[in-house]
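Read-outs: derived from the displayed coordinates by stated rules, not from any lab. Quick caveat, the model's predicted, so the values are computed rather than measured. Every residue, glycine as well, gets a Cβ built from its backbone with ideal geometry; the counts of neighbours run over all protein chains shown.
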């Protein structure tokens, strides 16, 4: 979407550098991340734990840990630079009413001592100034929207009276009660079985259409977002190494790390063969990174990968990757066999999952 008009950009993250102070040392968590989020789109941010996905999103809602700070860069939203916000009062203008988040563990997001109806009504009170009977009717409507049957009675119940999937629906309902423009879903299907995962993703897709939402999914699993994301950004070691439309990432990936993530999809495993796993561990962000951050884990790195950080190379107007393999001087390197097989089992990877 690089050619999308500027007025279609909802959030523009520009050369963002985030650092943390830990045990007397500095950790460079985000290394010059730039990303535009477009109005009405569904964007997935994918990568292993520690890649920087959640750190990136916490900066959109003012939830960065106290030992972290914006070292440089900008986060432009509605004429404001969120990277300059310092006080809770500033964030209250944005959090909830403009940008809301669904956390990955619904049980820790809900108050066990309050009914779910009270918790949704609280969001309505603070973000839409609704009270009394008006708020109650809106609570019932929202619960119905997120697929909870008999909402007129179930709003009186407590979180422990709901299953894991139903609690996730309640957390989504609280976020929707804020009437946000942008909804961030942080691992929204963690610890749910495959059937419930599909229901939650389907629900989020329906809510996006009904309320004209812009959505960001944070996940470590490409398979989870295959059927719901318009675009996918792949993060590694605090950097976006590849970004493009969903079909471009699945069927024409260019970065070796994206190849590794795709190869890890269980659907690509063969009977009686070990599942693919990415060897090694991510780089130590305390020490800094020289060259391509994935080079040490790449089975076939180029010499230049160990020396210089690659720039972005454009594959198409909507697809780019930070890899020296796209440099015209680089040798041709074929993707792994598992990646080639995706083209032959497209229906299995994208459709049958959900």
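Brief remarks follow.
- Take each peptide in 133-145, 325-337, count the other Cβ atoms within 10 Å of every residue, and average; sorted highest first, the result is 133-145, 325-337.
- Using the Cβ-Cβ distance between residue 49 and residue 72 with R0 = 25 Å, the FRET efficiency computed as 1/(1 + (r/R0)^6) comes to roughly 0.50.
- Fewest-first ranking of 243, 148, using other Cβ atoms within 10 Å as the exposure measure: 148, 243
- Label positions at residue 334 and residue 303, each projected 7 Å from the Cα along the C-beta direction, are separated by 2.5 nm.
- Relative intensity, log₁₀ I(q)/I(0), of the range 1-92 from a Debye sum that treats every alpha carbon as a point, q = 0.17 Å⁻¹: -0.77
- Residue order, fewest to most beta carbons within 10 Å, for 274, 292: 274, 292
- Based on the Stokes-Einstein relation at 25 °C and a viscosity of 0.890 mPa s, and on the Kirkwood radius from alpha carbon pairs, the range 9-153 is assigned a translational diffusion coefficient of 140 µm²/s.
- For the range 30-78, diffusion coefficient by Stokes-Einstein and Kirkwood Rh (Cα), 4 °C, 1.567 mPa s, µm²/s: 105 µm²/s
- Residue 157 paired with residue 194, simple spin-label distance in nm, labels 7 Å along Cα-to-beta-carbon: 2.7 nm
- Report note on the peptides 104-115, 186-197: ranked by the mean count of other C-beta atoms within 10 Å, highest first, their order is 186-197, 104-115.
- Peptide ranges 29-37, 281-289 listed from the most packed, as the mean C-beta count within 10 angstrom indicates: 29-37, 281-289
- Tail weight of P(r) past 30 Å, computed on alpha-carbon pairs of the chain, percent: 40 percent
- Mean-position separation - Cα centroids, the range 210-234 and the range 18-70, in angstrom: 17 Å
- Summed over qualifying helices (DSSP H, 4 residues or more, each -39500 (n - 2.57)) and divided by its residue number, the chain shows a 222 nm mean residue ellipticity of -8000 deg cm²/dmol.
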